[in-house]
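First the structure, in the form of structure tokens, and then the observations on it.
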Amino acid sequence: MNTATDNIPDIQSSADSRRIAIDKVGIKGIRHPVQVKDRTSGVQHTIAYFNMYVGLPHDFKGTHMSRFVEILNSREREISVESFEPMLREMVSKLEAETGHLEMSFPYFINKAAPVSGVESLMDYDVTFLGEISSDGRYDFRIRVVVPATSLCPCSKQISAYGAHNQRSHVTVTAALESHVWIEELVTLIERQASCELFGLLKRPDEKYVTERAYDNPKFVEDMVRDVANALNQDERVRAYVVECENFESIHNHSAYALIEKTVD
């Protein structure tokens with residue numbers, strides 16, 4: 001059997017007459033083992049979902065999907081913030097594109113001690129690295145973290161004879177950085193602005209503490225995003241950001257939501 005590639009038609013490389021460029025084309029949701037820098041232990045082994053796209057010129061019929069997988073596997077598990085730009089530029093070059101987009105989403109674990117008992121447990125956070133090559137060749141990198149937290153309603157506390165309703169919130173920060181920031185630093189910055197942070201394991205004294213901490217520190221969804229934005233504004237390493245907060249309301253069948261964005265000057 002003749003398996004020479006010279007004898008197999010390459011339909012994807014043929015011309016397209018519709019003259020419509022495609023902004024993003026590639027592969028989505030491919031899982032791959034990675035190693036991520038850990039501030040405490042040096043490295044953390046995890047599994048990431050990758051989205052890998054390039055811009056397709058108007059005269060190309062299709063892109064070569066297998067090349068994305070080849071590029072990913074050629075890095076084995078050595079994928080980091082530092083390797084994102086070389087990986088993106090390799091994508092753009094091998095796929096004969098002008099633009100490229102790379103996303104790596106993974107669970108990140110932080111060991112936390114309960115506030116009173118000191119018992120330790122792991123908390124997981126959703127983290128995404130986002131890299132992009134624009135048409136002028138400029139590289140842009142951003143990091144996104146999703147931090148669960150507690151928020152307690154100031155209005156409910158004020159108008160109720162006793163108690164106040166609270167809920168779990170998801171605070172999402174997508175940040176463009178001037179220099180290195182640890183994932184743990186971003187998580188801590190966000191957690192400090194909540195009514196109270198979350199823990200994987202709590203004993204009864206800890207439960208008392210977090211309940212009273214939230215009651216003494218009520219926050220609207222608007223307060224949450226403003227306080228996180230204010231903290232980010234104080235960090236010279238953060239060039240731009242988007243702060244989002246979604247409160248999964250405990251007394252409504254809908255969420256409360258707020259967003260603040262700071263763009264690059």
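The values are calculated or read from the model by the stated rules, or taken from the named source; none is laboratory data. Remember, predicted model here, so these are calculated numbers, not experimental data. Here Cβ is always computed from backbone atoms with ideal geometry, including for glycine, and neighbour counts include all displayed protein chains. For the accessible areas, the whole protein counts, side chains as well, though only heavy atoms, and no ligand, DNA or RNA atoms are used. Shrake-Rupley method; radii C 1.70, N 1.55, O 1.52, S 1.80 Å.
Say we look at region 74-112 and pick out the residues that are without any contact (Cβ under 8 Å) to a residue 40 or more places away in the chain and open to solvent by 50 Å² or more (accessible area, probe 1.4 Å); which of these is nearest to the chain's Cα centre (by Cα)? Top of the filtered list is E82.
Go through the residues of region 48-55 one by one and say whether even a single one is modelled with pLDDT of 90 or more and either open to solvent by 30 Å² or more (accessible area, probe 1.4 Å) or assigned to a loop (DSSP other than H, G, I, E, B) (or both). Step through it out loud before you land on a result.
Filtering region 48-55 for residues modelled with pLDDT of 90 or more gives 48-55.
Then keep just the ones that are either open to solvent by 30 Å² or more (accessible area, probe 1.4 Å) or assigned to a loop (DSSP other than H, G, I, E, B) (or both); that gives 49, 53.
Yes.
For T150, the conditions (1) closer than 30 Å to S83 by Cα; (2) at pLDDT 95 or above are fulfilled apart from (1). Scanning region 151-179 for residues that are within 18 Å of C245 (Cβ to Cβ), of a type in the set (A, V, I, L, M, F, W, C) and open to solvent by 60 Å² or more (accessible area, probe 1.4 Å) yields a single hit, C155. All of Y162, Y215 fail the test of being on the phi < 0 side of the Ramachandran plot and assigned to a loop (DSSP other than H, G, I, E, B), apart from Y162. Looking across region 213-251 at every residue that is surrounded by fewer than 17 Cβ atoms within 10 Å (Cβ to Cβ) and of a type in the set (S, T, N, Q), the one that is nearest to K262 (Cα to Cα) is identified as N233.
Of the residues making up region 184-212, those that are over 13 Å from V171 (Cβ atoms), in contact with a Pro (Cβ under 8 Å, 6 or more places away or on another chain) and either in a strand (DSSP E or B) or open to solvent by 20 Å² or more (accessible area, probe 1.4 Å) (or both) are F199, Y209, V210.
Looking at region 139-150, is at least one residue part of a helix (DSSP H, G or I), surrounded by 18 or more Cβ atoms within 10 Å (Cβ to Cβ) and out of contact with any His (no Cβ under 6 Å at 6 or more places or on another chain)? No, region 139-150 contains no residue that is part of a helix (DSSP H, G or I), surrounded by 18 or more Cβ atoms within 10 Å (Cβ to Cβ) and out of contact with any His (no Cβ under 6 Å at 6 or more places or on another chain). Please go through region 161-180 and pick out each residue that is at pLDDT below 95 and out of contact with any Leu (no Cβ under 9 Å at 6 or more places or on another chain). Listed by number, the residues that qualify are A161, Y162, G163, L177, E178, S179, H180.
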